[in-house]
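Report on the structure given below.
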Amino acid sequence: LAVIAAEAHPGARLWALSVANWSLGRREESDAALAELRRHPKGNAYAIAQLYALRGQRKPAFEWLSRACLERQGGCEGLKADRFSRGLRGDSRLHALLAKMKLDDEP
């Protein structure tokens, strides 16, 4: 947490705080960091989607993923291999999004 606190980029700091606190079982602290990140969605939609996916909250994860990819935000090109999206694999919405982005390995 001390290393995260020293992160200069606000979005990266909030994302990491949310991940770390969630992993430590500190739900309120994780929620607070996510809420702050949501207040600044421009350029952060993919990171927000990752946080919801990590939490197993599929509906908001897909809403934010769709936004991120529609806005062509960074991260979408690596969605298929993203470890935070593991919980979304097998969901038809992920397959549809990958196909839309031409990342589904289909001809």
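In debye to the nearest 20, how big a dipole does region 24-107 give about its Cα centre with +1 on each Lys and Arg Cβ and -1 on each Asp and Glu Cβ?
Working: 17 positive and 12 negative charges, 24 e Å.
Using only the charged Cβ atoms, the result is roughly 120 debye.
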Given a 1.4 Å probe and every protein chain left where it sits, what share in percent of the accessible area of the chain is carbon and sulfur? 54
Over the chain, equivalent-ellipsoid semi-axes from the Cα gyration tensor in Å: 25, 14, 11
Angle, helix 45-55 long axis vs. longest principal axis of the chain, Cα atoms, 0 to 90°, nearest 10? 80
Tell me the per residue accessible area of the chain using a 1.4 Å probe; a whole number in Å² is fine. 61
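Please state the shape class of region 1-40: rounded when a/c is under 1.5, otherwise prolate if a/b exceeds b/c and oblate if not, all from the C-alpha gyration tensor.
Oblate.
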Through the Karplus equation 6.51 cos²θ - 1.76 cosθ + 1.60, θ set to phi - 60°, convert the phi angles of region 86-102 into ³J(HN,Hα) values in whole Hz; use x for Gly and Pro. 3, x, 9, 5, x, 8, 4, 5, 5, 4, 5, 5, 4, 5, 4, 8, 6
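How high is the relative contact order of the chain, in percent, with contacts defined as C-alpha pairs under 8 Å that are six or more residues apart?
Values: 107 pairs, mean separation 19.1, N = 107.
Relative contact order of the chain: 18 percent.
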Once Rh is set to the Kirkwood radius over Cα pairs, what Stokes-Einstein translational diffusion coefficient, in µm²/s, holds for region 30-89 at a temperature of 10 °C and a viscosity of 1.306 mPa s? 142
Quick check: the angle from helix 27-38's long axis to the longest principal axis of the chain, C-alpha only, nearest 10 degrees? 60
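How large is the helix-only mean residue ellipticity at 222 nm for the chain, computed as the sum of -39500 (n - 2.57) over DSSP H runs with n ≥ 4, divided by its residue count, in deg cm²/dmol to the nearest 500?
Numbers: 6 runs with 63 residues, N = 107.
Helix contribution divided over all residues of the chain: -17500 deg cm²/dmol.
The values are calculated or read from the model by the stated rules, or taken from the named source; none is laboratory data. Small disclaimer: the values here were computed from a predicted structure and weren't measured. Cβ sites come from the backbone with ideal geometry, for glycine too, and all protein chains shown count toward neighbours. With ligands, DNA and RNA removed, areas are computed over all heavy atoms of the protein, side chains included. Shrake-Rupley method; radii C 1.70, N 1.55, O 1.52, S 1.80 Å.
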